[in-house]
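The values are calculated or read from the model by the stated rules, or taken from the named source; none is laboratory data. These numbers were taken from a predicted model, which means no experiment stands behind them. Virtual Cβ from ideal backbone geometry, glycine too; neighbours counted across all protein chains shown. All accessible areas refer to the heavy atoms of the entire protein, side chains included, with ligands and DNA or RNA removed. Shrake-Rupley method; radii C 1.70, N 1.55, O 1.52, S 1.80 Å.
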Number of protein chains: 2
Amino acid sequence: MIAAIIGGGVIGGGWAARFLLHGWDVRVFDPDPEAQRKIGEVLDNARRSLPGLADVPMPAEGTLSYHDTIEETVAGAAWIQESVPERLDIKHQVFATVQAACDPAAVIGSSTSGFRPSELRQGAVREGQIIVAHPFNPVYLLPLVELVGGPADDAALIARASEIMRGIGMYPLHIRREIEAHIADRLLEVVWREALWLVKDGIATTEEIDNAIRYGFGLRWAQMGLFETYRIAGGEAGMKHFLAQFGPTLALPWCKLTDVPEYDDDLVDLIAGQSDAQSGAWTIRELERIRDANLVAMMRALKQQDWGAGALLKAHDLRLRDAGGAGEAAPADGIAEDGPVLTLSQTVPLDWLDYNGHMNESRYLEAFASATDRFMELIGCDAEYIAAGGSYFTVESHLRHLDEAHAGDVITIHTRLLAGEGRKMHLFHTMRAGEREVATGEHFLLHVNLETRRPSDPGPQVAEALARIAAAQGGLSRPEGAGRAVGQRP
Amino acid sequence: MIAAIIGGGVIGGGWAARFLLHGWDVRVFDPDPEAQRKIGEVLDNARRSLPGLADVPMPAEGTLSYHDTIEETVAGAAWIQESVPERLDIKHQVFATVQAACDPAAVIGSSTSGFRPSELRQGAVREGQIIVAHPFNPVYLLPLVELVGGPADDAALIARASEIMRGIGMYPLHIRREIEAHIADRLLEVVWREALWLVKDGIATTEEIDNAIRYGFGLRWAQMGLFETYRIAGGEAGMKHFLAQFGPTLALPWCKLTDVPEYDDDLVDLIAGQSDAQSGAWTIRELERIRDANLVAMMRALKQQDWGAGALLKAHDLRLRDAGGAGEAAPADGIAEDGPVLTLSQTVPLDWLDYNGHMNESRYLEAFASATDRFMELIGCDAEYIAAGGSYFTVESHLRHLDEAHAGDVITIHTRLLAGEGRKMHLFHTMRAGEREVATGEHFLLHVNLETRRPSDPGPQVAEALARIAAAQGGLSRPEGAGRAVGQRP
C-alpha cells in the first residue's frame, strides 16, 4: 500500500512515520529543501517510540521516497494526506493537482485544523474524495484522528477511511456534521483564549497555567474525558445531580465573556441521556475505582520518567523517608550490620496486579531490584557514584514465590549479603507481606565500568562497606532456599 | 497534628483521606446522617490507591473521629478545611463559628471552586486566617491544590500552608492575584461551555467529546500543559513561531462567541519570555523526546489497565497479530511442536530502560511472563479457561542476563517445555535481541484452582497439549543454563 504525503513538517512527518512503521510505502512531496532532514528527525523520534507501544511484532517498515512533483507522489497511492499551510487557496491548488493524477478511489485526507470539508471541496473535480483527517501531534503516538466528510458522503468512503486509520493504529472519530475546527480544536481554542487572558492580565505565568493543568485535570482527561469525569463527580446521585449543581456557574463570571447555551431541561436530559449511554454500564463506585487505578498507573509511569506528577511523587518519597514513616527506619548513615538489612518497605500499588488477582511475578523482581538499588546506595554505590561511571549489573537471579501478595499489602524486604568480594556481589532478599514470607530473591551481580560495559573492581569505599557487612553477617545461618535451582527437590 | 474537616462529601472525604493516610488525626463535622458512610467509602477508595503511590513506608494512619459541633471539631486543629455547599452566606456562618473556637494560628482553607478570598473573608474576625485551598477530585490522588490569599496576606501564612500541603503530598500552586474560579476552573469552565454547545447543537455526543479529549490532547496535558506542548509544536523555530502561526485563529469562529485579548507584540513577548523561563533549559528536540517517553509510559500503563488509549493499543495488537507482522508467525491453531515455540516478539519500549541505560532487570521477567502467558494460551489455558477457574501460578524462576538490550531492540522469546505432567509445568525461555542471546528464564509453575488458590490438575485438553509438546520436544538436548543455581560454577 502506498501513502502520499503532501507537505512535510511536524504533522506531515508524523503521518509519514505512522504509515511507514505500519508497513506502508510512503512518498513525500515537499518543496522545502530542508524537508528530508526535518522528516528524518521526526522519523527518528517515531522509530524510538512507536514500535514499543505494541506487544507484538510490527510489520516490516515500508519504503520512504521523496518526489519532485505532486503527480509522481500521488500516482498509485491509496491514501493521500495533505498537510500544507492553512490557506484555502493553497489547499485548493494542491487538491486540483492531486485529483488530476491520483486514483479516483484513493482517500484524500486534509490535516486542516479549522477548515470545513465544504470549504476544502470548493472547485474540486471529485468533491466526495476529499475529507478532513485531522491528527494530533505527535501524530505517530496519539491515536485520535477526526474524520469529517460532507453531507453528500456515502458512508462507504468514511468506512474505508476509518479502516485504513485503524490499520495504522489510530482512533477515527467520525464527526457527522461539519463545523469550524471540528471538535478537539474547539475545546483547545477556548482554553487557549482563556489562558491568554490569564497571562495578559498577570494572573498566572505560562508555567503556572501548565502546572494547573498537568497536576490536576490533565491527568483525569488522559483516561476519561470531561463528561465521564463529571458523572463521577456527581457521586451517587449521578449526572443529573452534577448538572444541577454546576449549572449555575454558567451565569457566573468564571471566564472571559462567552456565549452560553440556554441551560434548560431539554439540554439536561440530552446530556444525562448521552452520559447514561456512554457510562451507564458501570456504577459510580466502579467508575471511581477504574479512574483511581488508571491514575495510579499513569502517575507511577510518570514517576519512572521523573516528570510532571511523577516527579512530585519522587520528591514526596524523599520527604516521607526523611520524616521516618511507620516502618523500621534504615539508619541514615551506614547500615545495621549484624542482621538482614531493611532495604524496602512499601505498599503494593494497584497497577502491580494481574489477571490472576494478585501481584504479578515481574513486580516481585521490580521490588527486589529496588531493594538491590537501596542496598547499593547503602554501601556507597549511589547516584553520584553511578554518575562517576561505576555500577552493578545483575547477572543471575532466582525467585521463589511462597505466598500471594495483593494490592494494599505492606511489603518489606530484608537483605543478606551472601558474598561481596572483588567485583562480585551475591544478595539474598526476603520479602514479607506483614508477617507472611511471600517470596525470596537471590541475585548475583557484577560491578561494571559503565564506559566499557565490562566488569571492574568497585571503588575502595564500596569494597570496604561490603567487607564490613560480609564479616558482620558471617555469623548468620545460610538462608533457606539459597543456592536452589528451579524444580530442585527440597 | 489535627486536621478539621467541615463538610464531608466527595471533596471533604477526599481531604479527610489525604490527611489521615499521611498520619494526621482527622476530625469531621458534617450534619448529614449519611456522612460517616459516605466518607467511609471515599476512605476505602483512598486506602486502596494512595499508599501505593509511594515507594517508601507511609506514616501510620491517624485517628478519624466524627463530632457534633464545629467548635469541638476545630479545637486544637492546625488545619481546618471547609467544603460546605457553594453559598457565601453558609460559608460566612461556618467561618464565624470556626474562628470563635479555633487556634488563631491555624490555617482555614476553603475548597471553594469559585469564590475569591476577599468574598470569603467578609465579616471575619481574623481575615488573614482564611485562604482558598482548592483541590481536585479525587483529592486523595491528584496533587494540585490552588492556594489563594488576599492582598493583605503575609507571606508567612502562604508559606506555612504550602509546607503543610506538601507534607500530605500535594502541589501548592500559589495564585498571587485573586480572580473568580482561580485558574484551573476557569479553563474547565470554558471547555464545559463549549462542550455544552457541541452537545446542544448536535455536533457530538458526550462520548464523542470525551474520546476527542482522552485519545488526543488529554494525554499530552497529563504530562506537559498547554504552553509547553505548543512550544514543541512550534518546532525548531520555537514559541514565537507557534504564536505567529496560531495567532490568527483568535479571529476565526473556532468557538462560540468569546472575548479575545488584543494579540499584540507585548503579549507575544510576554508569553515567549515566560515560556523561555519555563522550558528554555531544554531544546525542542529534548522536549520532544521527554514528551514521547512520557506518552509511551502512560499509554502502556493504560494498556495494562485495558482502558482509554491503552484499550486501543490492546485492540491494535490483535489487529497486528492477525495481519501477521514481520516476525515468525506463531501458528493460529496449535503450535510447532518439534522445536522451541516462538512465544514473544516485540520491540523494547522506552519505558523499560533504567538508570544504567539498558532494559531494567524486572522488564526481562515481564517479557518472560508474557511469553509464559502466550504459551499457556497456546496449550488452551486462555482467558476463557482462566475465567472458568483454572490457571497456572509461577512458583520459582531463574534468570540469566547474558547481554544488554536497549530501547528499540526487537526481542524474541522461544520456549522449551522441560516438563509438563500433572499440575506441574517447567518452562525454559530464551530471549534474543536480533541474533544475540540476551537472557534466559527458567520457570516452574503449578496449575491452581482459582477458587481455592490451591494446586489442582489442569483440564484434559491442557494436559493433552502438554503431553504432546513434551513428547515432540523430547528429542531436543537440554538447554544450556537449565537447572543452574545462582552463582554456581559453570
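Laid out as a table, the results:
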read-out: Å² of accessible area per residue within the protein assembly as shown, as computed with a 1.4 Å probe and no ligands counted; value: 37
read-out: Magnitude of the charge dipole, region A:2-182, Cβ model with Lys/Arg +1 and Asp/Glu -1, debye to 20; value: 340
read-out: Assigned charges on the beta-carbon of Lys, Arg, Asp, Glu; the protein assembly as shown dipole about Cα centre (debye); value: 1740
read-out: Region B:327-473, relative contact order [Cα under 8 Å, separation at least 6], %; value: 28
read-out: Nonlocal amide H pairs with A:LEU144, under 5 Å, H built at 1.01 Å; value: A:TYR171
read-out: Label point 7 Å beyond Cα along the C-beta direction, distances from A:ASP32 to other copies (nm, shortest first); value: 5.4
read-out: Translational diffusion of region B:94-215, µm² s⁻¹ [Kirkwood Rh, Cα pairs; Stokes-Einstein; 10 °C; 1.306 mPa s]; value: 98
read-out: Mean projected area in nm² (Cα convex hull; one quarter of hull surface) for the protein assembly as shown; value: 40.5
read-out: Per-residue HN-Hα couplings for region B:51-62 [Karplus 6.51, -1.76, 1.60; θ = phi - 60°; Hz; x = Gly/Pro]; value: x, x, 5, 8, 9, 9, x, 7, x, 5, 4, x
read-out: Farthest toward positive dipole pole in the protein assembly as shown [+1 Lys/Arg, -1 Asp/Glu at C-beta], among B:LEU21, B:ALA383, A:THR440; value: A:THR440
read-out: Most positive-pole-ward Cα, A:THR372, A:CYS255, B:VAL132, against dipole of the protein assembly as shown from beta carbon charges; value: A:THR372
read-out: Accessible-area composition of region B:2-182, carbon plus sulfur, in percent [1.4 Å probe]; value: 53
read-out: For region B:327-473: rounded, prolate or oblate by the Cα gyration tensor [a/c cutoff 1.5]; value: prolate
read-out: Reference-scaled alpha-carbon Rg (2.2 N^0.38 Å with N residues) for region B:49-163; value: 1.12
read-out: Euclidean distance of C-alpha centroids, region A:261-292 and region A:346-403, integer Å; value: 42
read-out: Candidate aspartates and glutamates - alpha carbon under 14 Å from A:LYS424, same-chain residues fewer than 8 apart omitted; value: A:GLU396, A:GLU442, A:ASP457, A:GLU464
read-out: Length-normalised contact order for chain A - Cα pairs under 8 Å, 6+ apart - percent; value: 8
read-out: Residue-wise HN-Hα coupling along region B:421-430, computed from phi with Karplus coefficients 6.51, -1.76, 1.60 (Hz; x: Gly, Pro); value: 10, x, 7, 9, 9, 10, 10, 10, 9, 10
read-out: Between region B:52-92 and region B:167-246, the alpha-carbon center distance in angstrom; value: 31
read-out: Whole-percent carbon and sulfur share, accessible surface of region A:328-473, 1.4 Å; value: 50
read-out: Low-density loop cleavage sites - trypsin sites (Lys or Arg not before Pro) in region B:165-199, where at most 13 other Cβ are within 10 Å (DSSP); value: B:ARG177
read-out: Ratio Rg/Rh, restricted to chain A and using Cα atoms, in which Rh is the Kirkwood radius; value: 1.06
read-out: Along chain B, longest interval not containing exposed GluC sites (Glu not before Pro), exposed being DSSP loop plus at most 15 other Cβ atoms within 10 Å; value: B:35-261
read-out: For the pair B and A, total buried accessible area rounded to nearest 100 Å², probe 1.4 Å; value: 18500
read-out: Cα long-axis angle, helix B:284-305 against chain B (0 to 90 degrees, to the nearest 10); value: 70
read-out: Anchor B:LYS256: lysines whose Cα lies under 25 Å away (excluding residues fewer than 8 positions away in-chain); value: A:LYS200, A:LYS240, A:LYS256, B:LYS200
read-out: Cβ-vector label at 7 Å, B:SER477, separations to other copies in nm; value: 4.1
read-out: Anisotropy class of region A:389-429 from Cα gyration tensor, a/c 1.5 cut; value: prolate
read-out: Exercise: per-residue mean of other protein chain Cβ atoms within 10 Å, B:40-48; value: 3
read-out: Contact order relative to length of region A:136-195, as percent, for alpha carbon pairs under 8 angstrom and 6 or more apart; value: 37
read-out: Nm distances between copies for A:ASP382, ranked from closest, using label points 7 Å along Cα→Cβ; value: 5.3
read-out: Dipole magnitude (debye, nearest 20) for chain B, charges at Cβ of Lys, Arg, Asp, Glu; value: 860
read-out: Occluded residues from region B:50-84, i.e. those whose accessible area drops by 10 Å² or more once the chain is not alone (1.4 Å probe); value: B:PRO51, B:GLY52, B:LEU53, B:ALA54, B:ASP55, B:VAL56, B:PRO57, B:MET58, B:PRO59, B:ALA60
read-out: Hull shadow area, averaged, region B:187-289 [alpha-carbon convex hull, nm²]; value: 7.4
